[in-house]
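Engineer: Below is a structure I'd like to ask you about.
What follows is calculated from the coordinates using simple rules that are stated; it is not laboratory data. Note that the structure is a prediction, hence the values are computed from the model and not measured. Quick reminder, even Gly has a Cβ in these numbers, built from the backbone with ideal geometry, and neighbours come from all protein chains shown.
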Amino acid sequence: MGKLTMDTLGWCILIGKAVGVILVLVSSVPLMVWVERRGSALMQNRLGPNRVGPLGLIQPLADSIKLIFKEDLIPGHVTAFYFVLAPLLSLIPAFMTFAVIPFAAPILVEGRTISFQVADLNVGLLYIFAIASLGVYGIIMAGWSSNNKYSLLGSLRSSSQMISYELSMGLSVIGIIMVFSSVRLGDIAASQGEAWIYLGSLMIPKWGVLIQPLGFLIFLTAAFAETNRLPFDLPEGESELVAGYHLEYGSMKFAIFMMAEYLNMTTASGLMVSLYFGGWQMFWPLTWIFDALGFTGMPHEWARVVFQTASFTIKVAAFLWFFVWVRWTLPRFRYDQLMNFGWKVMLPLSLANIFLTGALIYWKVI
Amino acid sequence: MLLKPQKSLTQKIYIVDIAKGLWITIKNMIFAKKVTIQYPEERRNYSDRFRGVHYIKATNGVENCTACMLCPTVCPAECIHIVAGERPDKEKYPVQFEIDVLRCCFCGMCEEACPKDAIKLSTVYEMSQSRREVYEKGFLLEQRGNK
């Protein structure tokens, strides 16, 4: 945000960005539900929902209408206050985390720099880790207030899983911070456009995945664990915990939990794109089209913003698809396997990654 | 004794195996034939031996049934009710022929027992109704399935 003294236009831009990002995030949820259902169906040689609207695209809307009009039931044995609070506590951090993710490079309009992220914090990454770990409170609160042993077990699993994997997630990012010397996500995304090495005339950019492949793998795995997606969805393991922490939830409160899960996925994808896949840096077909259009002056700048947003969106969409793809491929971990993997494999690997990165920076390889 | 399978190095790293699994799912998604039958538009074809809704076979517009009472006798669910009568040409015929499909277990014993080849089971399997009704003679004569 920078300075607190802003004029009216500045406030309008800020609010506009916030509302725009929230609207895009909210409308991505039904789309993701559709992708998940159709994708899973096709992978299992089924067709999936294809009746409501073209290709079944209206199906999530019909589902949400159903969920809104269902009875908002609060069972007699729950602690009502925390029971109602829990879905909100898992939804709000999911929205908040996306605030610092940049989706296009800043643009200079009449002496005013507009950055394309809701809040350009200089502690960007730390903010994301701080807020993302708040999400676990919603799950713990849901499990505990449900007053149900399955829910409690689910939330206990969730909390220990999130703590174990947050460690290696945080440590894996340190490599990126060492290379780009910044925790501001805008800076990280911008410096990923720089040239790393040249293969003939082909410029290889400094994308995080190229200079930090091990760090990326660790971050990816930890992101799956953080968003409670398969193969790490033990908090809601159907076969042993019925439905885990949202067992007692119904109607819109359940839908809010699902929304939070999908928003967490979107945020994790956005974060992975910003850190490891060049953020809003354009990639081949888009750069080619952009150069072919040949704008100059202000139209050029605005076209750049559009193309950068498009490339960011495409990358995020690819990651979201990867989440769905992995979910319907890999079976769930056993709980001891999960903990062993987190503490005995991921943590040493992420520590090794830090030392490796340090050595590579010392020898000026990256 | 617990035998732990020996894993090769690539299996221990997981990544290769995960990639293989992902390839299998995407291959199924794109290339495999989908097994779903889109019901109201597409229907499953059952064999002629399928035991669906009953019908009474007729020759020259007259039902084959002679009300011999073999089918209500053999019926394990006791769902067939026949009232016999006499035609002007002294032929015995069913005045009333009712099948209570709610009780019927579709065993096909009536079809086996019938000496006149009159009661048969068609391949029609759509029998949901909003009213509790028994199938009457008129209906049973009309509905022929795909026979």
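Engineer: Sort A:275, A:9 by Cβ crowding within 10 Å, fewest neighbours at the top.
Structural biologist: A:9, A:275
Engineer: Helix B:15-31: angle to the longest alpha-carbon principal axis of chain B, degrees 0 to 90, nearest 10?
Structural biologist: 30
Engineer: Pull up the DSSP beta bridges for the protein assembly as shown and report the antiparallel fraction as a percent, rounded to 5.
Structural biologist: For the protein assembly as shown, the DSSP antiparallel bridge percentage is about 100.
Engineer: State the Cα centre-to-centre distance between segment A:288-366 and segment B:1-50 in whole Å.
Structural biologist: One Cα centre to the other: 28 Å.
Engineer: Then there's this: What's the center-to-center distance, using Cα atoms, between segment A:116-188 and segment A:193-232 in Å?
Structural biologist: 19
Engineer: What are the aspartates and glutamates whose alpha-carbon lies under 14 Å from the alpha-carbon of residue B:116, with same-chain residues fewer than 8 places away excluded?
Structural biologist: B:63, B:91
Engineer: Follow-up question, since we're still on this one. Report, as an integer, the average count of C-beta atoms from other chains found within 10 Å of each Cβ along A:33-41. Please report the intermediate quantities before stating the final value.
Structural biologist: Values: counts 0, 0, 0, 0, 0, 1, 3, 2, 3.
Mean number of neighbouring Cβ atoms from other chains: 1.
Engineer: Quickly work out the residue A:122-to-residue A:359 label distance, labels modelled 7 Å from Cα along the C-beta direction, and quote it in nm with one decimal.
Structural biologist: Those two pseudo-labels are separated by 3.5 nm.
Engineer: Please state the shape class of chain B: rounded when a/c is under 1.5, otherwise prolate if a/b exceeds b/c and oblate if not, all from the C-alpha gyration tensor. Mind dumping the intermediate values first?
Structural biologist: Numbers: a/c = 4.29, a/b = 3.06, b/c = 1.40.
Here chain B falls in the prolate category.
Engineer: Among A:35, A:100, A:183, which one shows the biggest mean-square fluctuation in a GNM of chain A, springs joining Cα atoms closer than 10 Å?
Structural biologist: The residue that fluctuates most here is A:35.
Engineer: Additional query: Would you mind classifying segment B:56-103 by shape? Square roots of the alpha carbon gyration tensor eigenvalues, ordered a ≥ b ≥ c; an a/c under 1.5 is rounded, otherwise it is prolate if a/b is larger than b/c and oblate if not.
Structural biologist: Verdict is prolate for segment B:56-103.
Engineer: What distance in nm separates the two pseudo spin-label positions at residue A:50 and residue B:36, each 7 Å out from Cα along the beta-carbon direction?
Structural biologist: Calculated label separation equals 0.6 nm.
Engineer: Cut-off under 23 Å on the C-alpha distance; same-chain residues fewer than 8 positions from residue A:17 excluded. Which lysines are left, in chain and number order?
Structural biologist: A:3, A:315
Engineer: Now for a different question. So what is the relative contact order of segment A:69-362, in percent, for Cα pairs below 8 Å that sit 6 or more residues apart?
Structural biologist: 26
Engineer: Under 20 Å from the Cα of residue A:344, which lysines turn up, not counting those fewer than eight places away in the same chain?
Structural biologist: B:4, B:7, B:12
Engineer: Relative contact order of segment A:193-276: what whole-number percent is it, with Cα pairs under 8 angstrom and at least 6 residues apart? If you can, show how the numbers build up before the last one.
Structural biologist: Values: 56 pairs, mean separation 20.2, N = 84.
Over segment A:193-276, the number comes to 24 percent.
Engineer: At residue A:31 and residue A:199, where each label point lies 7 Å from the Cα along Cα→Cβ, what is the point-to-point distance in nanometres?
Structural biologist: So the two model labels end up 3.1 nm from each other.
Engineer: If you don't mind, another one. Please report, for the Cα atoms of chain A, the Rg to one decimal and the Dmax as a whole number; what are they, in angstrom?
Structural biologist: Cα radius of gyration and Dmax of chain A are 21.5, 71 Å respectively.
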